[in-house]
1. Filter the stretch 178-194 for residues that are among the hydrophobic types (A, V, I, L, M, F, W, C) and touching a Leu at 6+ places or on another chain (Cβ under 6 Å) and give the result.
2. If you scan the stretch 55-93, which residues turn out to be closer than 15 Å to Leu203 by Cβ, assigned to a loop (DSSP other than H, G, I, E, B) and either polar (S, T, N, Q) or open to solvent by 70 Å² or more (accessible area, probe 1.4 Å) (or both)?
3. Are any residues in the stretch 1-39 under 26 Å from Phe296 (Cβ atoms), outside any loop (DSSP other than H, G, I, E, B) and aliphatic (A, V, I, L, M), and if so, which ones?
4. Here are Ile219, Ile193: which of them is buried (at least 22 other Cβ atoms within 10 Å of the Cβ) and among the aliphatic types (A, V, I, L, M)?
5. Please go through the stretch 161-192 and pick out each residue that is within 16 Å of the ligand (Cβ to nearest atom) and either in a helix (DSSP H, G or I) or more than 25 Å from Val287 (Cα to Cα) (or both).
6. If a residue must be within 17 Å of Ile21 (Cβ to Cβ) and open to solvent by 40 Å² or more (accessible area, probe 1.4 Å), how many such residues does the stretch 296-342 contain?
7. Any residue at all in the stretch 148-160 that is away from the ligand (no atom under 14 Å from the Cβ), part of a loop (DSSP other than H, G, I, E, B) and farther than 30 Å from Pro247 by Cβ?
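The values are calculated or read from the model by the stated rules, or taken from the named source; none is laboratory data. Since this is a predicted model, take the numbers as computed values, not measurements. Glycine also receives a Cβ, built like all others from the backbone with ideal geometry; neighbour counts cover every protein chain displayed. When the accessible area is computed, the model is the full protein with side chains, heavy atoms only, and any ligands, DNA or RNA have been set aside. Shrake-Rupley method; radii C 1.70, N 1.55, O 1.52, S 1.80 Å.
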Amino acid sequence: MNWRDYCKKVTPYTPGEQPKINNLIKLNTNENPYPPSSLVVEELKKLIEDYDCLRRYPKPNCDMLEEALSEYTGLSRDHIFTGIGSDDVICQAFTTFFNSSLPVLFADITYSFYEVWAELVGFPVELVPVKDDFSIDINDYRKENGGIVIANPNAPTGMALTLDQIEEVLKFNKDSVVIVDEAYVDFGGQSAISLIDKYDNLLVTQTYSKSRSLAGLRIGMAYGNPEIISKIKAVKFSTNSYTLNEPALRIASAVLKDEKYFRDCCQKVMDTRAWTVEEFKKLNFSVLDSKTNFVFVSHKNIHATDIYKYLRENGILVRHFNAERINNFLRVSIGTDEEMKALFKVLGEMKEI
Ligand SMILES: *Cc1c(COP(=O)(O)O)cnc(C)c1O
């Protein structure tokens, strides 16, 4: 035996490119085009004054942030879990809840990290095909399972289920944990947070990365009833007591006070999205109905790989997934109005379009 025989073998997730070239228009990783709240600057200034605080470990319970989120959501602290981005939160949740020999159900077209974690944690999966129009049919989730994950709105399609549909899934599946990944919910989706007191099997995850323009800070959270939260906390405290760092805890707590700025940025993205959809349609693209900060588009005549290459050569980066069913689609993040105008200028000059 050699160490290679008992080394964990996993195929890692491939994140969207973070290019070295500076002047690219970056519409490939669903980052927010607007800067984070200016309260970040205030907190950073305070941190300079108080940098000695970094000598100490941060509070292991993420007290400050959990309290701030409790005040923000109206939920008591025992309904709240925080982690290093929702990727960390979701991975901890998978480790905690998906230990059945029955398959965990999630869509064949969804956040591709779910399959990576399934392999890492080691549980069986059943991919549930989305319909031909890429919608999720909740009736497909009426079968025995070891858990359910639904990204709502879904990625990379951008399409959303209603709160009633999510509730139907919860009703059929009272014996399974249902994780609803709401990474994009602030751009027009309906949150399932209102259901957590009614369904003890529901865990809702959210993130600061998209709607709060803080992908670089790595803040994610989960909401659920106290029992489900206590289980995920037990796993977290068996992994690493000090997850979030002190600057992140302070900044993430402070920016919740800037509600108007936050809502205004989300609204601007949604307005730009509406305009973007119309422009794509004018150029013979079909566009899925998006409730997110990106659109998923396919051209009637030109293959997505050709458009992807053409855009990249012209300084615009979008996301192409080389995966079955969606390889003729591009996922285009919503940038500023200027960035989207630049995109359509370049696209309009494409010969075959
Ligand atoms: C971006 C994203 C996440 C993870 O975001 P974090 O930056 O780790 O908070 C989770 N789920 C979906 C569907 C996403 O698109």
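1. Matches in the stretch 178-194: Val178, Ile179.
2. Those that are closer than 15 Å to Leu203 by Cβ, assigned to a loop (DSSP other than H, G, I, E, B) and either polar (S, T, N, Q) or open to solvent by 70 Å² or more (accessible area, probe 1.4 Å) (or both): none in the stretch 55-93.
3. The answer is Ile25, and nothing else.
4. Details: Ile193 fails: buried (at least 22 other Cβ atoms within 10 Å of the Cβ).
Sole residue among the options that is buried (at least 22 other Cβ atoms within 10 Å of the Cβ) and among the aliphatic types (A, V, I, L, M): Ile219.
5. Ile166, Val178, Ile179, Val185, Asp186, Phe187, Ala192
6. 7
7. no
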